[in-house]
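Here's the structure, in structure tokens; my notes come after.
The values are calculated or read from the model by the stated rules, or taken from the named source; none is laboratory data. Given the structure is predicted, the values throughout are model-derived calculations rather than measurements. Cβ placement follows ideal geometry from the backbone for every residue including glycine, while neighbour counts extend to all protein chains displayed.
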Amino acid sequence: MSKIISSSAPSLGVTLNGAGATFRVWAPFAEKVYVKGDFNNWSKRNQLRKKDNGTWEGTIKNAKADDQY
């Protein structure tokens with residue numbers, strides 16, 4: 001019988017929601033992580049927050065579907 005492995009951790013990548021878009025990346029050795037795209041004129045003003053598990057996360061309010069980043 002095969003074991004099914006699952007995680008309660010949030011998915012990595014981008015999730016669109018009512019607040020905009022939440023970005024999550026796994027970068028355990030990074031010192032800073034920024035998201036640049038159409039929604040901020042490709043600037044570094046959207047820095048993600050480091051979580052305990054090596055992921056970085058942040059919600060960008062004006063990001064929407066079809067934005068490039």
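Annotations for the structure displayed:
- Search result, residues across the range 26-63 that are surrounded by 14 or more Cβ atoms within 10 Å (Cβ to Cβ) and touching a Gly at 6+ places or on another chain (Cβ under 6 Å): 48, 59, 60, 63
- Residue 66 fulfils the conditions (1) acidic (Asp, Glu); (2) surrounded by 13 or more Cβ atoms within 10 Å (Cβ to Cβ); (3) modelled with pLDDT under 95 except for a single criterion, (2).
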